[in-house]
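Engineer: The structure follows.
The values are calculated or read from the model by the stated rules, or taken from the named source; none is laboratory data. On a predicted model such as this, the values are computed, not experimentally measured, just so you know. Here the Cβ is made from the backbone with ideal geometry for all residues, glycine too, and neighbour counts use every protein chain on show.
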């Protein structure tokens with residue numbers, strides 16, 4: 001009788017352990033599934049945090065670049081300042097247009113920058129190349145071609161464009177003419 005009770009008890013414990021194990025396995029699987037759903041969100045927050053950390057010295061030393069998503073290195077800002085060589089423009093510069101903020105179309109672009117005087121255009125390609133141009137006045141704003149012979153072109157919705165570097169702008173190492181597609185970000 002004692003052996004029967006022990007066997008019965010042992011079987012009940014095994015069954016209960018299996019039941020608990022299955023329940024916990026389902027809970028763990030559910031948690032993994034929830035974690036997988038949240039991972040892209042956490043990755044995006046981490047990416048944004050890293051960008052903001054990089055931008056701290058820029059925001060402190062160059063507040064006019066505090067909203068930038070393209071110029072994230074202080075050395076780039078210093079190089080721009082050196083190239084522009086116009087301290088008055090550089091110190092008073094404000095973000096006039098952002099495709100993400102203002103919409104991907106040329107009407108919004110013109111509404112934001114026409115008649116504002118000098119305009120610094122900064123573009124980042126899908127390949128993470130950054131380039132730009134200083135537009136000195138309204139007469140240069142009526143074309144979506146930049147540079148001589150259209151080194152690069154932006155369509156009216158500011159989405160796909162094309163490049164033909166080599167006239168005003170040299171292509172980066174490893175990039176040949178008309179190889180890069182442009183995207184405003």
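Engineer: Return the residue satisfying two criteria in turn: it lies in the range 122-136 and is within 12 Å of the chain's Cα centre (by Cα), at pLDDT 75 or above and crowded, with 17+ Cβ neighbours inside 10 Å, and of such residues it is farthest from residue 90 (Cα to Cα).
Structural biologist: Applying the filter and picking the extreme gives 124.
Engineer: Then there's this: Anything in the range 92-117 that is under 17 Å from residue 132 (Cα atoms), under 23 Å from the mean Cα position of the chain (by Cα) and in a loop (DSSP other than H, G, I, E, B)? List them, or say none.
Structural biologist: 93, 94, 95, 96, 97, 98 - these are the residues of the range 92-117 that are under 17 Å from residue 132 (Cα atoms), under 23 Å from the mean Cα position of the chain (by Cα) and in a loop (DSSP other than H, G, I, E, B).
Engineer: Looking for whichever is over 25 Å from residue 134 (Cβ atoms), without any contact (Cβ under 8 Å) to a residue 60 or more places away in the chain, outside the structural domain of residue 123 (by TED's automatic domain parsing) and surrounded by fewer than 10 Cβ atoms within 10 Å (Cβ to Cβ) here; the options are 37, 53. Which one fits?
Structural biologist: Values: 53 fails: surrounded by fewer than 10 Cβ atoms within 10 Å (Cβ to Cβ).
Only one candidate passes the filter, namely 37.
Engineer: Now, a different point. Residues in the range 13-28: is at least one at pLDDT below 90, surrounded by 10 or more Cβ atoms within 10 Å (Cβ to Cβ) and in a helix (DSSP H, G or I)? Can you show your working first?
Structural biologist: Going through the range 13-28, the residues at pLDDT below 90 turn out to be 13.
Still in the running and surrounded by 10 or more Cβ atoms within 10 Å (Cβ to Cβ): 13.
Filter once more, so that each one left must be in a helix (DSSP H, G or I): 13.
Scanning the range 13-28, I find at least one residue that is at pLDDT below 90, surrounded by 10 or more Cβ atoms within 10 Å (Cβ to Cβ) and in a helix (DSSP H, G or I), so the answer is yes.
Engineer: State yes or no: is residue 114 in contact with a helix residue (DSSP H, G or I) (Cβ under 8 Å, 6 or more places away or on another chain) and over 16 Å from residue 68 (Cβ atoms)? Spell out how you get there, then give the answer.
Structural biologist: Numbers: in contact with a helix residue (DSSP H, G or I) (Cβ under 8 Å, 6 or more places away or on another chain): yes; over 16 Å from residue 68 (Cβ atoms): yes.
Here the answer is yes, as residue 114 does meet what is asked.
Engineer: List the number of the failed condition for residue 106; all other conditions in (1) surrounded by 17 or more Cβ atoms within 10 Å (Cβ to Cβ); (2) in contact (Cβ under 8 Å) with a residue 40 or more places away in the chain hold.
Structural biologist: (1)
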